[in-house]
Amino acid sequence: MNPAADEVTHVEVGGRRLRLTNLQKVLYPATGTTKAEVIDYLVRVSGPLLAQLHERPVTRIRWPHGVGDPQRFFEKNVPAGTPSWVRTVRVPASDGFIEYPLVEDVATLAWLGNLSALELHTPQWTVGRRGAVRHPDRLVVDLDPGEGAGLEQCAAVAHLVAERLADDGLEAVPVTSGGKGLQLYAPLAAKDAADAVRGYAERLARGLARDHKDLVTATMTKSLRRGKVLLDWSQNTAAKTTITPYSLRGRDRPTVAAPRRWDEIGPGLRQLTYDEVLDRLATDGDLMEPYSRSHPGPQLP
């Protein structure tokens, strides 16, 4: 039985009392996945997800009426009605400041799930208590397949990228994006400015594109990407964000930006759904944990 449109449920999450609405609303029509199931996933994955969100301003993409609805929207500033206990931070922007939420506890995750904020995007840098922007503590290379290429080609290129990074003393973890491609994350010592990290990523991408012309491109032009994998180095620009590992995606199915083992990165690789990610956490643990802030990486060469 479908609940009334104004159904309200009061629950306690992480010591906070939350007002949740329309929990049986279907947010993923292809699988029948409801808002209640989305919030349940966020609560159950909160440990590793919060570790990735820690001290990073969060840009959200919201689907109030479910995926596939054209009324999705990006949101940076905290919305009206934000609970007083949600921690926020004012970050300088080109036209003043943006007041972002900082997602530091499970209650804030559940609150975002109630807003149908399915995708959580974060920059490669963190902020201090008063919003001071620190140097990036990670490098990300986004592998995006062009027309005629797919996840298998991304997997082959991921190994090439990881080898180059290893030559420079950087260790990467692969994350299937939940969309078309995957990302590689390499922790940094947070001693290099964003422009330096972006410059390094661009040199890496252009070098691989030069050495593997039939498989890799570092150029955004769509006509030049056919059958190739784009190494999107621009994700390291200070103003850019990337889908956060363990975040849901607003796709037909409830796929997740999922950390993977390197022995999986090859033929047969596919995107994972939220229930598969929860099962893998129970068996494999958090594959991002060795790359967390408690294990900082090196400075760029």
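The values are calculated or read from the model by the stated rules, or taken from the named source; none is laboratory data. From a predicted model like this one, the values you see are computed outputs, not experimental measurements. As a convention, Cβ positions derive from the backbone with ideal geometry for all residues, glycine included, and neighbour counts pool all protein chains shown. Note: accessible area is taken over every heavy atom of the protein model, side chains too, but ligands, DNA and RNA are not part of it. Shrake-Rupley method; radii C 1.70, N 1.55, O 1.52, S 1.80 Å.
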Stretched fully, the stretch from H54 through R226 gains (0.36 nm per residue minus C-alpha distance, one decimal, in nm) 58.2 nm
Virtual spin-label span in nm between E276 and V11, 7 Å along Cα→Cβ = 2.5
Could you size up the charge dipole of region 218-301 around its Cα centre, putting +1 on the beta carbon of Lys and Arg and -1 on that of Asp and Glu, and report it in debye to the nearest 20?
-> 620
Inter-label distance, nm, simple model (7 Å from Cα along the C-beta direction), R203/A132 | 2.8
How much of M220 can a 1.4 Å solvent probe reach, expressed as accessible area in Å² and rounded to 10?
-> 90
Among the DSSP beta bridges whose two residues both lie in the chain, what percent are antiparallel, rounded to the nearest 5?
-> 95
In Å, what Rg and Dmax follow from the Cα atoms of region 44-97?
-> 13.7, 38
Once you list every other residue whose beta carbon is under 13 Å from the beta carbon of T241, what net charge do they have if Lys and Arg are +1 and Asp and Glu are -1?
-> +1
Can you tell which of L188, L224, S247 lies farthest toward the positive end of the dipole of the chain, using +1 and -1 charges on the Cβ of basic and acidic side chains (Lys, Arg; Asp, Glu)?
-> L224
So how much accessible area does W262 have, in Å² to the nearest 10, using a 1.4 Å probe?
-> 80
Subtracting the Cα-Cα distance from 0.36 nm times the residue separation, let me have the gained length for S292 to D168 in nm, one decimal.
-> 42.7 nm
So, for the Cα atoms of region 1-119, Rg and Dmax in Å stand at 14.5, 49
Could you check the simple spin-label distance between D284 and K240, using points 7 Å along Cα→Cβ, in nm with one decimal?
-> 2.5
Normalised per residue, the volume of the convex hull around the Cα set of region 176-229 (Å³) = 106
Please report, in debye to the nearest 20, how large the charge dipole of the chain is about its Cα centre when each Lys and Arg carries +1 at its beta carbon and each Asp and Glu carries -1 there.
-> 720
Mean residue ellipticity at 222 nm from the helices of the chain, using -39,500 (n - 2.57) per DSSP H segment of n ≥ 4 over the full residue count, to the nearest 500 deg cm²/dmol?
-> -7500 deg cm²/dmol
Roughly how many debye, to the nearest 20, is the charge dipole of region 1-81 about its Cα centre, given +1 on each Lys and Arg Cβ, -1 on each Asp and Glu Cβ, and no other charges?
-> 220
For the chain, report the accessible area per residue in Å² (1.4 Å probe, heavy atoms, rounded to an integer).
-> 46
Using only alpha carbons, build the gyration tensor for the chain and give me the equivalent ellipsoid semi-axes, biggest first, whole Å.
-> 32, 23, 18
